[in-house]
Structures are given as structure tokens and as C-alpha cells.
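Participant: Have a look at this one before I ask anything.
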């Protein structure tokens, strides 16, 4: 069944929070590329929409530093060095099992996350397709499956995915270099 897309703006925060808290998923702009978000228990649905493997892990968006405690216990030692760059376009992987966490540099999105709890997220595209910084650049088949779309531009959108850093045995390594380099982050390995 074809779904009618619900286009919202950041000012519709209460409606967005309600949709997410009731199990919905949506497409939102970030400072890197558009992402798809939903509550952590919607990981399977997000992967189905993307046509990704069902068990593919997703990143969790947080709205403030305190939300890290809900995802990592204990918090890895190099964490304090890395988070000085949050909010920003990089993801930290740590813990057992590995959990990816990112704090997007979009104030309105962080406000929503602060009202919903951390949200599962990944790029808003079908698996294997290029990421997009515009709604027009996304597959209609993909967009038909989400419950809402925020189609607002983000100042200084980088058009590049986030950098992914992995913290393991108190050492930091780069998994994917995105907008920020290890030199930009000034993280000692």
C-alpha cells in the first residue's frame, strides 16, 4: 500500500515526538546527510525500509552527553577526549557488543531526541544507493515507507557521511573517514 508522505517542519516538534513515541520512523536532515530515525525497538523496521540485513547494527543519536549512560556501561576511557567534538559529524563505536553513538549538530533534532530518548539512525537511502542531502535525491520507494519527512535545509550541511571511530581496549581507531579526519579530531591513538 502506498503511503501518503507527511511533510513536517522542525516547528512541528510535538507532532514529531508523538509519532516517534508511537513507533513511527521518519527522515530528517543532519549536518552530514539525511538520516532515518526511530526508537531503538524499530531497528528491524528501519533495516526493512532500507532493504538492509535485518541484524545490521544502527547508530544511536543522542541529544545530550548524559544519554551516553543509557547506551554504554561502563563509559570507555577515551570517551572524554572524543566527545569534546560533539555535537558533530562523527560516530563513536564502543562497548560489547559494539554500539555506535553520535550527537548530531542540529539543535532541533537534539531537542527531539531529548524528549524521546536516544534514537536509532542510519543514512536515509536504500542499501547500496548513494546517500542524499535532498529529499528529491531519494528513492520514492524508500520515502513511501516512512511516517514523516522533515524537508528543511541545514546550514553548513557537509554532504559527507560522519567519521566513525572505534574505541576498543582503550585505543581509538578510525573505521570510516568522513567529514572529520583524525587530525581534525586531534585524538591520540
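Participant: Can you work out which of the residues in segment 65-78 that are in a helix (DSSP H, G or I) and surrounded by 15 or more Cβ atoms within 10 Å (Cβ to Cβ) is modelled with the highest pLDDT?
Facilitator: First pass over segment 65-78, keeping only residues in a helix (DSSP H, G or I): 65-70.
Then drop every residue that is not surrounded by 15 or more Cβ atoms within 10 Å (Cβ to Cβ), which leaves 67-68.
Numbers: 67: 92, 68: 88.
Checked segment 65-78; the qualifying residue modelled with the highest pLDDT is 67.
Participant: Tally up the residues in segment 127-147 that are exposed (fewer than 15 other Cβ atoms within 10 Å of the Cβ), within 17 Å of the chain's Cα centre (by Cα) and under 18 Å from residue 51 (Cβ atoms), please.
Facilitator: 2
Participant: Just checking, which of 16, 62 is touching a residue at least 24 places away in the same chain (Cβ under 8 Å), closer than 18 Å to residue 147 by Cβ and surrounded by 19 or more Cβ atoms within 10 Å (Cβ to Cβ)?
Facilitator: Numbers: 62 fails: closer than 18 Å to residue 147 by Cβ.
That would be 16, the only listed residue that is touching a residue at least 24 places away in the same chain (Cβ under 8 Å), closer than 18 Å to residue 147 by Cβ and surrounded by 19 or more Cβ atoms within 10 Å (Cβ to Cβ).
Participant: Only one of (1) at pLDDT 90 or above; (2) not in a loop (DSSP other than H, G, I, E, B) is not met by residue 87, so which one is it?
Facilitator: Here residue 87 clears every test but (2).
Participant: Right, next: Looking at residue 115, is it in a helix (DSSP H, G or I), over 15 Å from the mean Cα position of the chain (by Cα), closer than 24 Å to residue 6 by Cα and in contact (Cβ under 8 Å) with a residue 24 or more places away in the chain?
Facilitator: Yes; evaluated as a whole, the condition is true for this residue.
Participant: Taking the condition of being in a loop (DSSP other than H, G, I, E, B) and either surrounded by 19 or more Cβ atoms within 10 Å (Cβ to Cβ) or modelled with pLDDT of 85 or more (or both), how many residues in segment 27-56 meet it?
Facilitator: Of the residues in segment 27-56, 10 are in a loop (DSSP other than H, G, I, E, B) and either surrounded by 19 or more Cβ atoms within 10 Å (Cβ to Cβ) or modelled with pLDDT of 85 or more (or both).
Participant: Can you pull out the residues in segment 148-169 that are assigned to a strand (DSSP E or B), more than 15 Å from the chain's Cα centre (by Cα) and modelled with pLDDT of 85 or more?
Facilitator: 148, 166
Participant: Also, quick follow-up: Does residue 112 count as in contact with a helix residue (DSSP H, G or I) (Cβ under 8 Å, 6 or more places away or on another chain), surrounded by 17 or more Cβ atoms within 10 Å (Cβ to Cβ), at pLDDT 90 or above and over 21 Å from residue 9 (Cα atoms)? Please lay out each step first, then the result.
Facilitator: Values: in contact with a helix residue (DSSP H, G or I) (Cβ under 8 Å, 6 or more places away or on another chain): yes; surrounded by 17 or more Cβ atoms within 10 Å (Cβ to Cβ): yes; at pLDDT 90 or above: yes; over 21 Å from residue 9 (Cα atoms): no.
The answer is no for residue 112.
Participant: Against the condition part of a loop (DSSP other than H, G, I, E, B), more than 18 Å from residue 13 (Cα to Cα) and in contact (Cβ under 8 Å) with a residue 60 or more places away in the chain, how does residue 92 come out, does it pass?
Facilitator: No.
The values are calculated or read from the model by the stated rules, or taken from the named source; none is laboratory data. Bear in mind the structure is a predicted one, so any value in this text is a computation, not a measurement. Don't worry about glycine lacking a Cβ; one is built from the backbone with ideal geometry, like all the others, and counts go over all protein chains shown.
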